[in-house]
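J.: After the structure tokens below, expect a handful of questions from me.
The values are calculated or read from the model by the stated rules, or taken from the named source; none is laboratory data. Since we're looking at a predicted model, the values are computed, not measured. Note: ideal-geometry Cβ built from the backbone for every residue, glycine included; neighbour counts use all protein chains shown.
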Amino acid sequence: MKTKMVLKHEFVEYIPNHLKDGTIYVSVTFGTVVHKCCCGCGNEVITPLSPTDWKLTFDGESISLYPSIGNWNFACKSHYWIENNRVEWAKKWSEDKINTGRRHDYLNKKKYYDKKNLFHNIETHNKLGNKHNFWSRLRKRWF
């Protein structure tokens, strides 16, 4: 069982070149949170903030990230939650569960961005349609 760990957070504009152990850096400007892996392996963990990636909450004293941090591409394969600046270790995932999670993430992103593109395409079509209707009406009036 991993030991309980408390992180310190720093709000920064730019992520520093050298990360301190036990510090989580938050760049609101770039919508990114970065920290060294909590298992101690030294890898840098980058969590982008977006509607389809991680969400950050700040209560004035501590931060929390949702969903969990799963470092599946690292040799350590560490998995944990960051809640109120505390690291809560999660159960180790099997390769099947990791792949299922990746597929789920992919489908959520696809659904989200397909929906955004659909609305963009509808708006573009409506604008062009209204423009076309305007010119059609104008031509009828003058010719």
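J.: Take Gly40 and decide whether it is among the small types (Gly, Ala, Ser) and within 20 Å of His79 (Cβ to Cβ).
T.: Yes: the conditions hold for Gly40.
J.: Of the residues Val33, Val26, only one is surrounded by 16 or more Cβ atoms within 10 Å (Cβ to Cβ), closer than 19 Å to Asn73 by Cβ and under 14 Å from the mean Cα position of the chain (by Cα); which?
T.: Values: Val26 fails: closer than 19 Å to Asn73 by Cβ.
The conditions single out Val33.
J.: Could you please let me know if Trp81 is closer than 19 Å to Tyr25 by Cα, at pLDDT 75 or above and either in the same structural domain as Lys36 (by TED's automatic domain parsing) or within 19 Å of the chain's Cα centre (by Cα) (or both)?
T.: For Trp81, the condition - closer than 19 Å to Tyr25 by Cα, at pLDDT 75 or above and either in the same structural domain as Lys36 (by TED's automatic domain parsing) or within 19 Å of the chain's Cα centre (by Cα) (or both) - is met.
J.: Got a sec? Which of His35, His18 is in a strand (DSSP E or B) and at pLDDT 95 or above?
T.: His35
J.: Still on this structure: Within the range 42-59, track down each residue that is β-branched (Val, Ile, Thr) and part of a strand (DSSP E or B).
T.: The answer is Val45, Ile46, Thr47, Thr57.
J.: Looking at the range 39-58 only, could you name the residues that are closer than 27 Å to Lys116 by Cα and among the acidic types (Asp, Glu)? Steps first, answer last, please.
T.: Narrowing the range 39-58 to residues closer than 27 Å to Lys116 by Cα: 46-57.
Scanning the range 39-58 gives a single hit, Asp53.
J.: Checking the structure you have, find out if any residue of the range 59-68 is modelled with pLDDT of 95 or more, touching a Lys or Arg at 6+ places or on another chain (Cβ under 6 Å) and within 30 Å of Lys115 (Cβ to Cβ).
T.: Scanning the range 59-68 turns up at least one residue that is modelled with pLDDT of 95 or more, touching a Lys or Arg at 6+ places or on another chain (Cβ under 6 Å) and within 30 Å of Lys115 (Cβ to Cβ).
Okay, residues lined up against (1) among the acidic types (Asp, Glu); (2) in contact (Cβ under 8 Å) with a residue 24 or more places away in the chain:
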{"site": "Ser27", "(1), (2)": "no, no"}
{"site": "Ser50", "(1), (2)": "no, no"}
{"site": "Ala75", "(1), (2)": "no, yes"}
{"site": "Glu83", "(1), (2)": "yes, no"}
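The rows are residues; the columns are (1) assigned to a strand (DSSP E or B); (2) in contact with a helix residue (DSSP H, G or I) (Cβ under 8 Å, 6 or more places away or on another chain).
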{"position": "Gly40", "(1), (2)": "no, no"}
{"position": "Glu61", "(1), (2)": "no, no"}
{"position": "Leu65", "(1), (2)": "yes, no"}
{"position": "Ser68", "(1), (2)": "yes, no"}
{"position": "Trp72", "(1), (2)": "no, yes"}
{"position": "Tyr80", "(1), (2)": "yes, no"}
{"position": "Arg102", "(1), (2)": "no, no"}
